[in-house]
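Encoded as structure tokens, the structure appears first; notes follow it.
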């Protein structure tokens with residue numbers, strides 16, 4: 001008999017009200033559309049470049065593809081840093097709506113690119129718009145859901161990315177055969193998320209925690225302007241949130257440890273995961289099969305199991321703790337990469353191994369949604385989460401570039417992917433030095 005039943009408590013899902021469920025749905029859908037839009041690029045970038053580049057440049061498509069994905073990530077990093085700060089000052093709900101409308105518009109515009117330069121500029125702008133979506137969802141779900149179910153909530157939210165990636169892979173099965181403009185149709189579909197903001201405006205509340213702290217911040221700012229002396233808490237409230245991350249020693253230590261872990265998660269994901277569909281295509285082409293079709297199969301295997309990994313992390317983290325589950329996921333991701341690129345001896349085996357990579361290389365992202373909001377107080381929660389989640393993109397955006405270059409010049413994708421996976425080793429070490437926060441109230 002479970003502890004909840006012994007204590008006479010209802011199952012976790014029955015303790016939630018409609019506003020909490022609506023907040024989860026809105027955050028999940030926003031992140032799902034981000035996922036679709038991002039993986040639509042992964043699936044369609046080859047077709048786009050074959051139309052936008054001169055035929056003499058086709059041999060360099062892996063390099064151009066890597067640069068396009070990389071610059072999208074760079075924009076994502078910049079937008080995410082700005083978005084985290086805006087979320088702490090403007091509010092969780094309003095920033096989420098702004099992010100969804102912005103990336104919907106930018107995605108639609110990218111369908112009208114006329115050459116590679118215009119395409120990559122528009123993709124950079126898409127990245128800027130996408131950046132703040134994750135931090136708004138992670139913050140508002142963490143703040144509105146109860147302590148004992150917070151991991152489940154953010155795990156379910158995080159699964160939206162995998163669902164969106166899966167939809168991108170699935171859509172390409174049908175859109176891909178529609179001719180040289182198929183990639184444009186994929187991006188035009190990305191305009192639809194803007195309609196979600198109409199529902200968000202009516203159906204979800206602003207975070208009570210944020211509203212209370214925002215009121216306290218305004219009072220503290222007025223006191224400072226009047227020349228009154230400020231206590232420690234008021235002084236912290238008046239500091240710029242990015243500066244606030246590095247003032248106190250314990251906060252600074254947590255930021256730096258989590259940054260290393262985030263870098264490992266992000267660099268490995270974009271330096272490995274984005275190349276799995278092309279890798280499946282190359283294997284199938286050598287076997288005399290349809291490469292585009294098997295690229296879609298690989299993408300669906302990768303992203304279908306990622307959904308399980310995202311959700312499973314949240315449930316496991318509530319049951320066993322953030323630290324143990326994060327360590328397990330990172331270790332499993334480290335082992336799954338050589339298993340795919342060196343151990344799989346058939347297309348079926350490669351599909352299974354791609355699924356393992358999805359569950360752990362992708363699925364480990366939930367550690368950030370589950371753990372980061374619990375490590376920092378409300379006044380800087382979104383800034384800290386956005387800083388840690390997005391700053392590594394200023395390094396990780398080179399992952400696709402490195403993989404693309406190595407694929408073309410230095411021994412192929414298998415060697416590149418396995419080398420990039422070594423970044424998981426320092427991440428495993430850093431996990432050990434962060435505090436366990438499962439089931440504890442959020443810091444105020």
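The values are calculated or read from the model by the stated rules, or taken from the named source; none is laboratory data. None of the values given here were measured: they were computed from a predicted structure. With ideal geometry, Cβ positions are generated from the backbone for all residues, glycine too; neighbour counts draw on all protein chains shown.
A few notes on this one:
- Region 15-71 - residue that is modelled with pLDDT of 80 or more and not in a helix (DSSP H, G or I) and, of those, surrounded by the fewest Cβ atoms within 10 Å (Cβ to Cβ): 17
- Test result for residue 76, within 30 Å of residue 205 (Cα to Cα) and free of Cβ contacts under 8 Å to residues at least 60 places away in the same chain: no
- Considering 341, 389, the condition of being surrounded by fewer than 24 Cβ atoms within 10 Å (Cβ to Cβ) and either under 30 Å from residue 209 (Cα atoms) or touching a helix residue (DSSP H, G or I) at 6+ places or on another chain (Cβ under 8 Å) (or both) is satisfied by 341 alone.
- For region 244-264, the set of residues classified as part of a loop (DSSP other than H, G, I, E, B), without any contact (Cβ under 8 Å) to a residue 40 or more places away in the chain and under 16 Å from residue 443 (Cα atoms) consists of 248 only.
- Filter result (under 23 Å from residue 71 (Cα atoms) and either modelled with pLDDT under 75 or assigned to a loop (DSSP other than H, G, I, E, B) (or both)) within region 415-442: 416
- Selection from region 231-273 of residues that are loosely packed, with under 14 Cβ neighbours inside 10 Å and over 30 Å from residue 426 (Cβ atoms): 231, 232, 233
- Qualifying positions in region 127-147 - surrounded by fewer than 24 Cβ atoms within 10 Å (Cβ to Cβ), more than 17 Å from residue 205 (Cα to Cα) and either in contact (Cβ under 8 Å) with a residue 60 or more places away in the chain or out of contact with any helix residue (DSSP H, G or I) (no Cβ under 8 Å at 6 or more places or on another chain) (or both): 147
Conditions (1) touching a strand residue (DSSP E or B) at 6+ places or on another chain (Cβ under 9 Å); (2) without any contact (Cβ under 8 Å) to a residue 12 or more places away in the chain; (3) surrounded by fewer than 24 Cβ atoms within 10 Å (Cβ to Cβ), marked per residue:
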{"site": "97", "(1), (2), (3)": "no, no, yes"}
{"site": "101", "(1), (2), (3)": "no, no, yes"}
{"site": "109", "(1), (2), (3)": "no, no, yes"}
{"site": "114", "(1), (2), (3)": "no, no, yes"}
{"site": "117", "(1), (2), (3)": "no, yes, yes"}
{"site": "125", "(1), (2), (3)": "no, no, yes"}
{"site": "149", "(1), (2), (3)": "no, no, yes"}
{"site": "159", "(1), (2), (3)": "no, no, no"}
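- Scanning region 178-221 for residues being within 30 Å of residue 293 (Cβ to Cβ) and without any contact (Cβ under 8 Å) to a residue 40 or more places away in the chain gives a total of 2.
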